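Presented below is the structure to which this report refers.
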Amino acid sequence: MELNRRNFLGSFSSVMMLMGGVAINRAEDKPQEKERYAGPPVNCAVIGCGQWGREIITELGRQSRANLVAICDSYPAYLKRGGNAAPKAQKVADYRQTLENKDVHAVVVATPTHLHKQIVLDALQAGKHVYCEAPLAHTVEDARAIAKAAAGAKKVNFQSGLQQRSDPEIIHILNFVRAGAAGTPVMTRSQYHKKNSWRRSSPNPDFEKTLNWRLSKESSVGLVGEMGIHNIDAAGWFMNRRATAVSGFGSTLLWNDGRDVPDTIQTIVDYGKGPRLVYDATLANSFDSDYDVFYGTDATVMLRDRRGGMFKEADSPQLGWEVYARKETFFKEVGIVLAANATKLAAQGDNPVIDTQTNTQGSLFYAMEAFLTNTDLVRTGVNDFTSSFGSDDEKALVEYLADVLKGRKPAADWKEGYVATVTAIKAHEAIMKSSRIELSDELFNIA
């Protein structure tokens, strides 16, 4: 039986109390409900119906802006499973049939990483709005091709699959860190521990080899690329810095089954003269699961299961909003509950009512919501502009869309996806070579 980290660890708040920290909660006015949308839906297709693709299919079924009209996978068993969650959607094995479908407005690319490039390029060429899972690709060259095509596709919405950048819970914690609540950044530490072989089985040997693309260095960017990319992105995002060098080591310590991608890795990401990210991941042990910790001179912030906890240093200065926060005692330490509505609490006088409801939606919900909302903004903006002024003046159209997109929901664009992907690819390369690699500015240039 696979270890369930929630059963093992208990609630996040309990962990925070045991460690002497305080929870960072984003207050909600009401429980989340499915958004009501009266406009025309965004007709979507999902390309790739593996485990994650099926989660996306299920999530799109909860989004009122989405109309899932097609799903695609070359592996019949996956296509059948995806069809169980989308019985009304067209089911095809060749993604090109999906792109030829005039009823499809937007596609979500959830195929194996090494297959992203051609699908994304063809989708953008066909005028489809594109959500591409992270990492964007398994090589820098493929990632650059995707980024360049996305940058040049002025009439469509492109979003990379860094879901946390759309999640209000994580953005709320980001704002605390960016505002200096933790002081000067010192270092970041992240981990992913989950005992799992990553191996998939099939009665067809050829399909089985295809299904296990993550285990081959020819098609995989390993643990740091497939899982650690989100931690790498979070570190750079929270510290507002871009990586300048990566170092790494890796070994296969449990799953000696012919794979040539390590099942246990460690990597260090440098950010110039600033703090470093230390990341480790293993498929050989589940202890302590996964989390990010941001260390500052005044406090440490832990991000785990989309919730944050703050651990203040004894000599840290008092922050203004602390006056209105609820005080709690953790062993012999007095901590504070960080809430998003401190100004509202101030207006309530001496006995404020603190809303501690936790948002039950996940990061994927907000990523899909952002993709659909922003796609709707782009297509409406393009239609409005071209109906009034024609389609000859691309510069004017771009300026018009920039104004329209001031109301966009937060989401990772091609630039953020490219930077995170390149950093993760180079980290994997360093791990495979047990070396250090400098990341030049030219590496992040798509020209």
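The values are calculated or read from the model by the stated rules, or taken from the named source; none is laboratory data. Keep in mind that what you see is a predicted model, and the values were worked out from it rather than measured. Note: ideal-geometry Cβ built from the backbone for every residue, glycine included; neighbour counts use all protein chains shown. Surface accessibility is based on the protein's heavy atoms, side chains included, excluding ligands, DNA and RNA. Shrake-Rupley method; radii C 1.70, N 1.55, O 1.52, S 1.80 Å.
General observations
- Taking a Cβ cut-off of under 11 Å around residue 49, the surrounding Lys, Arg, Asp and Glu residues balance to a net charge of +2, with basic ones at +1 and acidic ones at -1.
- Between segment 124-148 and segment 203-263, the C-alpha centres lie 19 angstrom from each other.
- Separation of the residue 184 and residue 55 label points, Cα + 7 Å toward Cβ, nm: 3.9 nm
- Approximate spin-label separation residue 251-residue 139, in nm, with each point projected 7 Å along Cα-to-Cβ: 3.2 nm
- For residue 398 and residue 288, the FRET efficiency from 1/(1 + (r/R0)^6), where r spans their Cβ atoms and R0 equals 56 Å, is about 0.75.
- Label-to-label distance for residue 244 and residue 151 is 2.3 nm, based on points extended 7 Å past Cα in the beta-carbon direction.
- Close Lys pairs in segment 89-227 (alpha-carbon distance under 26 Å; sequence gap of 8 or more, or different chains): 24.
- Around residue 299: net Lys/Arg minus Asp/Glu count, Cβ-Cβ under 10 Å: -1
- Order of exposure, largest accessible area first, which applies to 371, 287, 207, 444 with probe 1.4 Å: 287, 207, 444, 371
- Gain upon complete extension [residue 447, residue 118; 0.36 nm per residue less C-alpha separation]: 116.6 nm
- Counted residue by residue at 0.36 nm each, then reduced by the alpha carbon distance between them, the extension gain from residue 202 to residue 380 reaches 59.7 nm.
- Relative contact order (percent, whole number), segment 242-295, Cα cutoff 8 Å, 6+ residue spacing: 32 percent
- For segment 70-210: relative contact order, % (alpha-carbon pairs under 8 angstrom, 6 or more apart): 15 percent
- Prolate/oblate/rounded call for segment 125-276, Cα gyration tensor, a/c under 1.5 rounded: oblate
- Neighbours of residue 258 by Cβ distance under 11 Å: Lys/Arg scored +1, Asp/Glu scored -1, total +1.
- Added length on full extension, which subtracts the Cα-Cα distance from 0.36 nm per residue, residue 433 to residue 387: 11.0 nm
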